[in-house]
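K.L.:
Take this structure first; my questions come after.
The values are calculated or read from the model by the stated rules, or taken from the named source; none is laboratory data. Treat the numbers as computed from the prediction; the structure is a model and nothing was measured. Every residue, glycine among them, receives a Cβ derived from its backbone with ideal geometry; neighbour counts consider all protein chains shown. Note: areas computed on protein heavy atoms with side chains; ligands, DNA, RNA excluded. Shrake-Rupley method; radii C 1.70, N 1.55, O 1.52, S 1.80 Å.
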Amino acid sequence: MQKLTANSRQLYPFLIPYLILLILVLVFKILYSKEDIYFFINGLHFPAGDVFFPYMTEFGSTVTAVVACLLLLFVSYRSSVLMASSLILTTLINVPLKNLFFAPRPRLYFAGSAHPIYYVPDMEVLSNNFSFPSGHTVCAFTMAIVLTYITPRKTFGYLYLLLALLVAYSRMYMSQHFLEDVTAGSALATVVTIIWLSWFDSRPFLNDSRWNGSLSRKRNAA
């Protein structure tokens, strides 16, 4: 429990603004319906956004997650293993939840609706029952929390949070998810990753000095 508290303090630059935003989103959700929120966001499209958000959403993709784990090998083996294990764990929790809730994505949910819906041109819009929670959001928030934890300068947590939020928003902007999906994905990633960080830190064999080596230092030593 002490380790969990200590780790949470290290993540304050990420956690405090995130919790404030989470409360605001929950209040917003109480005041407005799922449909109202979706169509409000759907009405905020603009040309630059149609170019920017399809690229932004890739920061929550599997490819980005793999690249992040590989790049962290040049920082330390421990950081890479921590990132990889965190991503695997949150994914293993998220995928069964998608199957359990079997929630329709916006395109399927509004199939047959008379309300006009804007879709980003030349982008595939998924139409299945695996909307809740958002996998891209889970991935983005997991990476953001781990990066905040391993970065010496904790104020970078604000930047990592911003990037994760942009990924989450991109999923709604592109009509791949509802607000509920990305909110649940962010909360799942945040809670599970913080608990995992605490468990990881409490394992003596995972804190061995040999784990602090990196590929770059190994090459220099050779």
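K.L.:
Can you tell me the relative contact order of the stretch 41-156? Whole percent, Cα pairs under 8 Å, sequence separation 6 or more.
P.N.:
About 34 percent, as a whole number.
K.L.:
Averaged per residue, what accessible surface does the chain expose to a 1.4 Å probe, in Å²? List each step's numbers first, then the result.
P.N.:
Numbers: 11800 Å² over 222 residues.
Per-residue accessible area for the chain comes out at 53 Å².
K.L.:
Test of understanding: in a Gaussian network model of the chain with alpha carbons linked when under 10 Å, which of PHE110, PHE178, PHE156 would top the mean-square fluctuation ranking?
P.N.:
Its mean-square fluctuation being the largest, the pick is PHE110.
K.L.:
Fully extended, how many nm does the chain gain between VAL191 and TYR77 (0.36 nm per residue separation, minus their Cα-Cα distance)?
P.N.:
38.7 nm is the gain from fully extending VAL191 to TYR77.
K.L.:
Between LEU31, LEU11, LEU197, which gets the highest mean-square fluctuation from a Gaussian network model of the chain, Cα cutoff 10 Å?
P.N.:
Checking each option, the largest mean-square fluctuation is seen for LEU31.
K.L.:
Taking K and R as +1 and D and E as -1, what net charge do the other residues with C-beta under 13 Å from the C-beta of PRO13 add up to?
P.N.:
Numbers: positive: ARG9, ARG153, LYS154; negative: none.
With Lys, Arg at +1 and Asp, Glu at -1, the net is +3.
K.L.:
Please compute the modelled spin-label separation between ASN128 and PHE28, points set 7 Å along Cα→Cβ, answer in nm with one decimal.
P.N.:
That separation, rounded to one decimal, is 2.7 nm.
K.L.:
Could you identify which residue out of PRO116, PRO133, PRO96 has the top mean-square fluctuation in a GNM of the chain using Cα springs shorter than 10 Å?
P.N.:
PRO116
K.L.:
Here's another thing I want to ask about it. Probe radius 1.4 Å, ligands and nucleic acids ignored: give me the carbon and sulfur share of the accessible area of the chain as a rounded percent.
P.N.:
Of the solvent-accessible surface of the chain, carbon and sulfur hold 71 percent.
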